[in-house]
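**Q** Following this message is one structure expressed as structure tokens.
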Amino acid sequence: MDSGAWDGSAAADDHESLSSTNDAELLKRAWRTEKAAPEILQFEAGLVQRSREQIQLVIEKYMFHIHKNTELWNRLSEQEQKFAQRCIEDLEDHFDKSVLSKLPDRYKSSVKQSVISEEDDMVPEPQLDTYVICRTKGSLGALQLDNSGVEDPVDLDPGDLYAVRYKSIKPLVYSGQIELV
């Protein structure tokens with residue numbers, strides 16, 4: 001397949017990202033309006049439900065990866081852990097009953113392609129080298145945004161928007177010095 005071909009899953013991810021961005025803005029607007037209004041306003045059930053579904057999708061998409069990584073697992077709330085554990089058990093049961101039980105023993109794993117696989121090669125992981133849009137909250141000085149050291153350090157000016165690889169700013173996102181937009 002040539003690199004210019006349309007990828008349905010990429011389009012679905014783009015649509016998911018676009019709808020969650022729009023809903024995030026609508027949620028912020030609703031919160032600001034509610035906060036400033038002198039009276040109670042109408043509850044926006046559809047918006048709240050869509051927002052919950054978007055959050056839940058990210059847990060579901062990477063739940064096997066999160067489950068096998070203690071640091072990531074501990075980031076989940078107790079309710080999210082229970083939900084993820086139940087989903088994993090249900091999926092494994094479904095996979096076993098519908099497909100895996102019919103395969104030769106060496107292919108009966110829900111996380112590995114075969115018994116000779118050294119890693120869980122069927123577990124999707126987040127792509128940390130993807131580009132994100134961000135802005136700094138204050139002056140951070142010169143930052144090295146790539147691990148290769150080939151590019152020169154960059155001064156990120158407060159309030160300006162930048163497209164950078166997530167993995168290069170991950171610690172700054174964690175510390176709250178950079179926010180994603």
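The values are calculated or read from the model by the stated rules, or taken from the named source; none is laboratory data. Since the model is a prediction, treat every value here as computed from it, not as a measurement. Cβ atoms come from the backbone with ideal geometry, glycine included; neighbour counts cover every protein chain shown. Just the protein is used for accessible areas: all its heavy atoms, side chains included, with ligands, DNA and RNA removed. Shrake-Rupley method; radii C 1.70, N 1.55, O 1.52, S 1.80 Å.
**Q** Could you report the accessible area of Thr70 in Å², rounded to 10, computed with a 1.4 Å probe on the protein chains as they sit in the structure?
**A** Roughly 100 Å² of Thr70 is accessible to a 1.4 Å probe.
**Q** Going down the list Lys28/Lys61; Lys28/Lys170; Lys35/Lys167; Lys108/Lys167; Lys61/Lys97; Lys102/Lys167, which pairs span over 31 Å between their C-alpha atoms?
**A** Lys35/Lys167; Lys108/Lys167; Lys102/Lys167
**Q** Can you send over the solvent-accessible area of His94, 1.4 Å probe, protein chains only, in Å² to the nearest 10?
**A** About 110 Å², rounded to the nearest 10.
**Q** Treating only the Cβ of Lys, Arg, Asp and Glu as charged (+1, +1, -1, -1), what charge dipole size does the stretch 59-181 show about its Cα centre? Round to the nearest 20 debye.
**A** Taking the Cα centre of the stretch 59-181 as origin, the dipole is about 320 debye.
**Q** For the stretch 99-169 and the stretch 27-51, what is the centre-to-centre distance using only Cα atoms, to the nearest Å?
**A** 34
**Q** Here is a follow-up. As a test of reading the structure, rank Ile55, Ile169, Ile116 by solvent-accessible area (1.4 Å probe, protein chains only), most first.
**A** Order by accessible area, largest first: Ile116, Ile55, Ile169.
**Q** Still on this structure: Using the Cα atoms of the stretch 53-133 to build a convex hull, what is its mean projected area in square nanometres?
**A** 6.8
**Q** Could you quote the convex hull projected area for the stretch 85-167, Cα atoms only and averaged over all directions, in nm²?
**A** Over all viewing directions, the stretch 85-167 projects a mean Cα-hull area of 9.0 nm².
**Q** Also, quick follow-up: Counting only trypsin sites (Lys or Arg not before Pro) that sit in a DSSP loop (anything but H, G, I, E, B) with at most 15 other Cβ atoms within 10 Å, what is the longest stretch of the chain containing none of them?
**A** For trypsin sites (Lys or Arg not before Pro) (loop position, at most 15 other Cβ atoms within 10 Å), the longest site-free span of the chain is 1-74.
**Q** With the dipole of the stretch 28-181 worked out from charges on the C-beta (+1 for Lys and Arg, -1 for Asp and Glu) around the Cα centre, which of Ala37, Thr70, Gln49 lies farthest toward the positive end?
**A** It is Ala37.
**Q** Tell me, what does the Kirkwood hydrodynamic radius of the chain come to in angstroms if you use every pair of distinct C-alpha atoms?
**A** Computed over Cα pairs of the chain, the Kirkwood hydrodynamic radius comes out at 20.2 Å.
**Q** Just the accessible area for Leu26, please: 1.4 Å probe, Å², rounded to the nearest 10?
**A** Accessible area, nearest 10 Å²: 70 Å².
**Q** Let me ask something else about it. Give me the number: length gained by fully extending Ala45 to Lys82, i.e. 0.36 nm times residue separation minus the C-alpha to C-alpha distance, one decimal in nm.
**A** Difference between extended and current length: 10.9 nm.
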